[in-house]
Amino acid sequence: MKIHCRGILFDLDGVLVDSTPAVARVWTLWAKKHGFVPDEVVRQAHGRPSLTTIRELLPTADHEAENREVERGEIEDTDGVIPLPGAVEILQALPRDRWAIATSCTRRLAEVRIRAAGLPCPKYLITSTDVKRGKPDPEPYIKAAQILGLAPADCIVVEDAPAGIRAGQAAGARVLALRTTAPDPELTESGSTWIVNDLASIRLNSDHQADLELILARP
């Protein structure tokens with residue numbers, strides 16, 4: 001299958017970077033400290049700003065202090081943070097002014113994980129530091145499209161989490177979902193346009209000069 005767009009907006013964790021072990025370790029420690037079920041907290045935290053999860057679970061706490069604790073843990077724990085299949089290859093193939101990363105990480109954490117995974121340095125990066133409302137609100141992807149000088153409808157959002165898929169869909173973009181985190185029914189129900197295994201399932205047609213042409217492998 002061939003799809004065309006003018007720009008690509010990537011999520012980071014679960015799309016370009018596998019940080020699952022580090023995320024699970026940090027949130028497990030935090031959950032145990034506060035008497036929550038670790039697996040439930042890890043699932044709830046995925047794909048959303050950490051501050052959102054903390055506010056929901058600890059409504060009367062010092063949210064900023066708790067968030068700093070979680071962020072510090074995630075910045076310090078990069079063991080096992082690696083690029084996901086196809087991530088390095090597609091970023092290297094794309095023109096640098098035609099793609100951006102929109103992540104629920106803070107800017108400091110995003111930069112740490114990008115370096116740890118050995119990804120090409122993005123020219124454009126939107127983080128939770130840059131928005132007022134995180135995913136599933138469309139603001140991160142609206143801003144990511146704007147920074148490319150494009151409308152969201154001209155972009156493909158690449159996501160793995162239901163919250164991020166809903167954000168991309170609400171922004172007006174088409175969403176390519178990866179099977180790196182959630183099962184197909186959740187990806188479909190969240191509003192994904194296409195579903196593939198990972199970025200290794202996507203090939204950029206370098207002969208196509210106008211718009212970007214992506215070739216999706218059959219499921």
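Assorted remarks:
- For Cα Rg over 2.2 N^0.38 Å, calculated from these coordinates, the label among (i) 0.98; (ii) 1.30; (iii) 1.07: (i)
- Dividing the summed -39500 (n - 2.57) terms of all DSSP H runs of n ≥ 4 by the residue count of the chain sets its mean residue ellipticity at 222 nm at -11500 deg cm²/dmol.
- Portion, in percent, of the accessible area of region 103-219 that falls on carbon or sulfur, probe 1.4 Å: 48
- Prolate/oblate/rounded label for region 148-191 (Cα gyration tensor, a/c 1.5): prolate
- Sequence-separation-based contact order of region 1-154, relative, with Cα cut under 8 Å and 6+ spacing, percent: 30
- Once C-alpha pairs closer than 8 Å and six or more residues apart are averaged by separation and normalised to the residue number of region 133-219, the relative contact order reads 22 percent.
- DSSP beta bridge pairing in the chain, given as percent antiparallel to the nearest 5: 35
- Spatial separation of Cα centroids for region 49-113 and region 163-219, in angstrom: 20
- Cα-centred dipole magnitude for the chain, charges only on beta-carbon of K, R (+1) and D, E (-1), debye, nearest 20: 340
- Solvent-accessible area per residue for the chain (1.4 angstrom probe, square angstrom): 46
- Shape class of region 76-199 from the Cα gyration tensor (axes a ≥ b ≥ c, square roots of the eigenvalues): rounded, since a/c falls below 1.5.
- For the chain, the longest site-free run once trypsin sites (Lys or Arg not before Pro) in DSSP loop states with at most 14 other Cβ atoms within 10 Å are removed: 1-122
- Residue (of SER206, PHE10, THR180) at the positive-pole extreme of the chain, dipole from beta-carbon charges: SER206
- Linear extension gain, GLU213 paired with GLU40, 0.36 nm per residue minus alpha-carbon span: 58.4 nm
- Counted residue by residue at 0.36 nm each, then reduced by the alpha carbon distance between them, the extension gain from GLU186 to GLU76 reaches 36.5 nm.
- Normalising the average separation of contacting C-alpha pairs (under 8 angstrom, six or more residues apart) by the number of residues puts the relative contact order of region 75-219 at 20 percent.
The values are calculated or read from the model by the stated rules, or taken from the named source; none is laboratory data. Remember, it's a predicted structure, so these values are computed and weren't measured experimentally. As a convention, Cβ positions derive from the backbone with ideal geometry for all residues, glycine included, and neighbour counts pool all protein chains shown. In case anyone asks, the SASA skips ligands and DNA or RNA and just uses the protein heavy atoms, side chains included. Shrake-Rupley method; radii C 1.70, N 1.55, O 1.52, S 1.80 Å.
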